[in-house]
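Values quoted throughout were computed directly from the atomic coordinates according to the rules given, and no laboratory measurement underlies them. If you're wondering where the values come from, they're calculated on a predicted model, not measured in any experiment. Every residue, glycine as well, gets a Cβ built from its backbone with ideal geometry; the counts of neighbours run over all protein chains shown.
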Amino acid sequence: MQTKSLSAPSIGLAALTVGVLLLTGCTQPSPTPSATVTSSETPTSTSPTASAAATAAAPKDSAEAIAAATAVTKEYWAVTDQILNDGGKNPERVDAVSTGAARTYVHDAAAQVLAKGVSVGGSRAVSVTQSYASDATPPGGATIKNGFVGLTVCNDISGSKPLNADGTPGNKGDVMRAAENIEVTYDPAVSKWTVSNYILPTGAVISC
């Protein structure tokens, strides 16, 4: 992989599309859960899974956990793209598939897009390149076997079409395919998988 420096910590349309918008602060990785089960996956398509936000039983094994986390991550990005395409309107659409820092990221990004009058059309492709599952213990709850999943994804924005407020094409930047990290957790209170953390890079974009 090759590292390319991010030229400035602005909210450039390209940075927003690829998912490296530098907001007031960057989220940091959560401590790596114990008893990690690692695996790798063949890159998958970006088509959202309709059932990703539906209720589901706790995972039977790491493979089931990773499959569910991958599905909800794809839906998270698909809904985020819809919000960006709509100029940042109705960001609460992402709430069904996200919590915590991942939800806050989309709401903050949507607010900045809406304020600037820009939009991002087209579509991106998100594929999983690495994954692992481990146990998770919700506050005050029992440990959930394989209830936490960490994903490394390759976020391909070559098909995205950013537009400035005046309707002219926006600048997508130099990195069309960026490696990013996503954390997904199972919430037994609502029997759902949600994207809980989107880990923003600190000053550099890693191409994939």
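Evaluated at q = 0.29 Å⁻¹, a Debye calculation over the C-alpha positions of the range 142-190 (equal weights, vacuum) places log10 I(q)/I(0) at -1.07. Please give every one of the lysines within straight-line cross-link reach of K60, meaning a C-alpha to C-alpha distance under 25 Å, and leave out same-chain neighbours fewer than 8 residues apart. Output for K60: K74, K145, K192. What is the sum of charges, Lys and Arg at +1 and Asp and Glu at -1, for the other residues whose Cβ falls under 12 Å from the Cβ of V106? Residues close to V106 contribute a combined charge of -2. Going 7 Å from the Cα of A56 in the Cα-to-Cβ direction, what parts of the range 140-167 have a backbone nitrogen less than 13 Å from that spot? Counting backbone N atoms under 13 Å from the label point, the list is 146-150.
Given R0 = 41 Å, the distance between the Cβ atoms of N164 and A142 translates into a calculated FRET efficiency of 0.20.
Remark: spin-label model distance S207-D187 equals 3.8 nm, labels positioned 7 Å along the Cα→Cβ axis.
Other residues within the sphere of radius under 14 Å centred on the Cβ of D61, judged by their own Cβ, net out at 0 (K and R +1, D and E -1).
Under the simplified labelling scheme, the Q112-K89 pair shows an inter-label distance of 2.2 nm, with each label point 7 Å from Cα along Cα→Cβ.
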